[in-house]
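The values are calculated or read from the model by the stated rules, or taken from the named source; none is laboratory data. All of these numbers come straight from a predicted model, not from anything done at the bench. Don't worry about glycine lacking a Cβ; one is built from the backbone with ideal geometry, like all the others, and counts go over all protein chains shown.
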Amino acid sequence: MLSFILRRVFYTVPIMLGVSLVCFALVHISPGDPLVSILPPDASVELQEQMMAIYGFDRSYPEQFLRWLGLALQGDLGNSIATGRPVASEVFNAVGNTLILAVTATIIGFTLGGLFGFVAGYFRDSWIDKLATAISVIGVSVPHYWLGMVMVIIFSVELRWLPATGAGPGGSSQWVWDWEHMQYLILPAVTMSVIPMGIVARTVRALVADILQQEFVSGLRAKGLLDRGVLAHVIKNAAPTALAVMGLQLGYLLGGSILIETVFSWPGTGFLLGQAIFQRDLPLLQGTILVLAMFFVVLNLLVDVAQTSLDPRLQRG
Amino acid sequence: MRNTVYRSSAIALAAAMLAAGPALAEKTLTIGMTAADIPRTSGQPDQGFEGNRFTGIPMYDALTHWDLSSETKPSGIVPGLATSWAVNPDDTTKWTFTLREGVTFHDGAPFTAEAVVWNVQKVLDENAPHFAPDQVGATKSRMPTLASARAIDDLTVELTTTQPDSFLPLNMTMLFMASPTHWQSLYDAVDASITDPKERAAAAWTAFAFDPSGTGPFEGDLFVPRERFEMVKNENYWDPARTPTIDRVVLVPLPDANARTAALLSGQVDWIEAPAPDAIPRIQAEGNVIYSNPQPHVWPWQLSFHEGSPWLDKRVRHAANLCVNREELQVLLGGYMGIPKGSVEPGHPWWGNPSFDIRYDPDTARALMAEAGFSAENPIKVKVQTSASGSGQMQPVTMNEYVQQSLADCFFDVELDVLEWNTVFTNWRKGAADESARGANAINVSFATMDPFFAMVRFVSTQTFPPVSNNWGLFGNAEFDALIADARTSFADADRDAALARLHTRIVEEAPFVWIAHDVGPRAMSAKVGNVTQPKNWFIDIAPMTVEE
């Protein structure tokens, strides 16, 4: 097991290097001027050249990449062009806010998704299955953006029960887990949980239904195992695949959602990424993408390790 | 004894409640901006004019101010931190500004001529210890001829320009005065492990953004990056007419129009910029007030005069200007659009008296097109580069599609090339002859007309051909260069305005644009916000406003 973990950790090194190279290349090949956020439209050539030199954009791409990578390895992701603030602190603040949102959405989505999926799979073709399946299909199909706006219209504008935007009365820097703050979290978290809930429900339903058809389940029942015991075996067999799907979904959620975070002005990574894109803020864009990509790499590693511990056959690969 | 203690406690509690009373009744104005981030707070805001509107003018003063007190007159300039100014008659590159006495920064330091020199250096002198490269972009091009500053005495400063330039007093509205004393104290407090002077200066400016100090009617109080910025009133402001009664102003970035509208309707904010147009009836039905007024803003097609352009024929340019049914477009935009007669409007000091009247007259347009050799069977092909969205672009796709249909009635076959906003903005600097034009012979980028350089000069001077500035269409000749030189060297306000009126007259007559719309800058406010004056300006003065409980 230890050698498997070490091998997987070793594999992540070239992946991370590749990710950093791709994210650097992607932001540089996109059209537009990296200094557009701070240069006025009629900036003279002299001013443009002066600013390019000050920000290091006059150097060759390999030189810029190596310099950026060298600093990134030391935890310095540079300063945002648009705000002048350090990218690392901007990204990590946003990651903290997204974690609050993503973890809440995860708890809602995985709990409801697992429950609906399991019930639907266990009572396949019954009305419970049809109801649970319908809910999960709606969850997967409804556009986030639309659902968020509808929830705001109902719960903020019409009923005035919950705030429409923001991350607390004094902003996210003063976040505490009390009702005054948590009411800001409810609408974005519920909106964010709907897609993973649908995906997890559909996956778990298919897995449970499939496992229940397998011969070993008949064998267990023939041996006289009670339903509770059979369920434990079903859950154990369904867990590795369900876990992989949940890991991917958690990765997506941790990446933030540009749409949801924009609709609710939730200052997470998606919101930050959206701002970096619209402002052509290359250091911020690179830094945010890098940190989010690293999340995926680390999450995949953790999911692989968790899957392997649940299903030792995977170690052979 | 016990009774005495209870009585004392009760009195103390009552006193505390009385003392807490005003705090509970704090008058707060919360504003939902269109910006996606808090504009820079360190003196030279970014985020276009919305930045100047919300973190510039409220916290800082400039030597000259826009007069924002009238809804009916075009805004002129009035004394700000300078009480008077004059050009040196012997050397018209030198201006003397007399400063206001007794003004202090929020940190208590006095405002002097040395502070003006320091603030000029922050954006122009690369060798100054406090040089701020990230503030240069938002400043330098707004005062393109300013070269240096020199203190003559505590209350007199001399500004030098690279060439005679009568526009300088207008330009100086954009240089906000930050406190050198406060900056120095933040510089001294930078961690000693940072030894590079430039890095220390950058760190000091970052700290300054969190703890700003200007001379304006509001002082910075709380800054949560990307989420909110709070200002409190400066009770010692030097202008009694602009000393605020509102205790606290909270700025919240809400880039999505629907989110802004929801925030207003749910009572989370008191004021939103640019409400979603289709939500305006609902906003009004809830008792909120919509304020709008034509802004010094033009939403045009800027035409190419590059070789082979279909717009080289003046009859075609005039025909296009006569074939857009602007009244109908105004209806399409829910009424929130101004109908242009030129880059500035009749009644403006720079209007002049153009012989070409921009109006909707399709019969005359078709006659001009027929004269130029075009017909329904032989339409003229034009291609327009525009954006899908963008600052000041209003609703570019809807509006361009409308103009496309409108011009089809006058034998124009219009192709739209819709690109992402920053790409169009970048292309705007490169010109019609550059490959970035992708064959387009017109570009749709809206612009501000606050000062003469931005309103006119940069589009019609041979000195501003790309990549120097925004004369994308390469329009210019000796006549226009002479008109510009005349305006730049007319130092009496009336003479300068008269020269600019002559320039504007010729611009309208030659029509290097199809003038399509003016933005009217709609903003929605709760009925509890009072004493609101929406001037004919991009800016609005928060200081005199009131908030009812």
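Things to note:
- If you filter the stretch B:142-189 down to residues that are surrounded by fewer than 18 Cβ atoms within 10 Å (Cβ to Cβ), more than 18 Å from residue B:493 (Cα to Cα) and in contact with a Lys or Arg (Cβ under 7 Å, 6 or more places away or on another chain), you find that the one that is nearest to the other protein chains (Cβ to nearest Cβ) is B:160.
- Qualifying residue in the stretch B:101-109 (condition: touching a strand residue (DSSP E or B) at 6+ places or on another chain (Cβ under 6 Å), modelled with pLDDT of 95 or more and closer than 17 Å to residue B:173 by Cα): no
- Residue under evaluation residue B:429, criteria (1) crowded, with 21+ Cβ neighbours inside 10 Å; (2) within 30 Å of residue A:27 (Cα to Cα); (3) within 14 Å of chain A (Cβ to nearest Cβ); (4) in contact with a helix residue (DSSP H, G or I) (Cβ under 7 Å, 6 or more places away or on another chain), criterion not met: (4)
- Residue in the stretch B:471-486 that is within 11 Å of chain A (Cβ to nearest Cβ), in contact (Cβ under 8 Å) with a residue 24 or more places away in the chain and touching a helix residue (DSSP H, G or I) at 6+ places or on another chain (Cβ under 9 Å) present: yes
- Flag if residue A:125 is over 25 Å from residue A:254 (Cβ atoms) and away from chain B (no Cβ under 14 Å): yes
- Pairs meeting the criteria (first residue in the stretch A:295-314 and under 14 Å from residue A:237 (Cα atoms), second residue surrounded by 15 or more Cβ atoms within 10 Å (Cβ to Cβ) and acidic (Asp, Glu), beta carbons under 9 Å, at least 6 apart or on different chains) are A:314/A:304.
- Looking only at the stretch B:283-299, residues that are assigned to a strand (DSSP E or B), buried (at least 22 other Cβ atoms within 10 Å of the Cβ) and in contact with a Pro (Cβ under 9 Å, 6 or more places away or on another chain) come to 2 in all.
- Index of the failed condition, residue B:257 passing every other in (1) crowded, with 21+ Cβ neighbours inside 10 Å; (2) within 14 Å of another protein chain (Cβ to nearest Cβ): (1)
- Residue B:246 vs. criteria part of a helix (DSSP H, G or I), more than 9 Å from chain A (Cβ to nearest Cβ), over 30 Å from residue B:343 (Cβ atoms) and hydrophobic (A, V, I, L, M, F, W, C): no
- For residue A:298: the one exception among (1) within 15 Å of the chain's Cα centre (by Cα); (2) surrounded by 21 or more Cβ atoms within 10 Å (Cβ to Cβ); (3) modelled with pLDDT of 80 or more: (2)
- For the stretch B:323-344, the set of residues classified as in contact with a helix residue (DSSP H, G or I) (Cβ under 7 Å, 6 or more places away or on another chain) and either in a loop (DSSP other than H, G, I, E, B) or surrounded by 18 or more Cβ atoms within 10 Å (Cβ to Cβ) (or both) consists of B:323, B:324, B:325, B:329, B:333, B:334, B:336, B:337, B:339, B:342, B:343, B:344, listed by residue number.
- One residue from A:274, A:256 being at positive phi and either modelled with pLDDT of 80 or more or crowded, with 19+ Cβ neighbours inside 10 Å (or both): A:256
- Within the stretch B:190-233, considering residues that are more than 14 Å from every other protein chain (Cβ to nearest Cβ) and hydrophobic (A, V, I, L, M, F, W, C), the one nearest to residue A:268 (Cα to Cα): B:231
- The residues on offer are A:77, A:147, A:112, A:73, and the sole one that is under 30 Å from residue A:17 (Cβ atoms), touching a residue at least 24 places away in the same chain (Cβ under 8 Å) and aliphatic (A, V, I, L, M) is A:77.
- Look at the stretch B:299-322: where a residue is among the charged types (D, E, K, R) and a partner is surrounded by fewer than 18 Cβ atoms within 10 Å (Cβ to Cβ) and in a helix (DSSP H, G or I), sitting 6+ places away or on another chain with Cβ atoms under 8 Å, you get B:315/B:371.
- Answer residue from the stretch B:345-359, given it is out of contact with any Lys or Arg (no Cβ under 6 Å at 6 or more places or on another chain) and closer than 27 Å to residue B:310 by Cβ and is surrounded by the fewest Cβ atoms within 10 Å (Cβ to Cβ) among those: B:355
- Top-ranked residue in the stretch B:360-408 [being of a type in the set (Asp, Glu) and part of a loop (DSSP other than H, G, I, E, B); ranked as surrounded by the fewest Cβ atoms within 10 Å (Cβ to Cβ)]: B:377
- Every test in (1) among the hydrophobic types (A, V, I, L, M, F, W, C); (2) under 24 Å from the mean Cα position of the chain (by Cα); (3) within 14 Å of another protein chain (Cβ to nearest Cβ) is passed by residue A:177 save one, and that test is (3).
- Residue match in the stretch A:80-87 (condition: assigned to a loop (DSSP other than H, G, I, E, B) and either more than 13 Å from chain B (Cβ to nearest Cβ) or among the hydroxyl-bearing types (Ser, Thr, Tyr) (or both)): yes
- Scanning the stretch B:61-79 for residues that are of a type outside the set (A, V, I, L, M, F, W, C), within 20 Å of residue B:165 (Cα to Cα) and at pLDDT 95 or above returns B:64, B:65, B:79.
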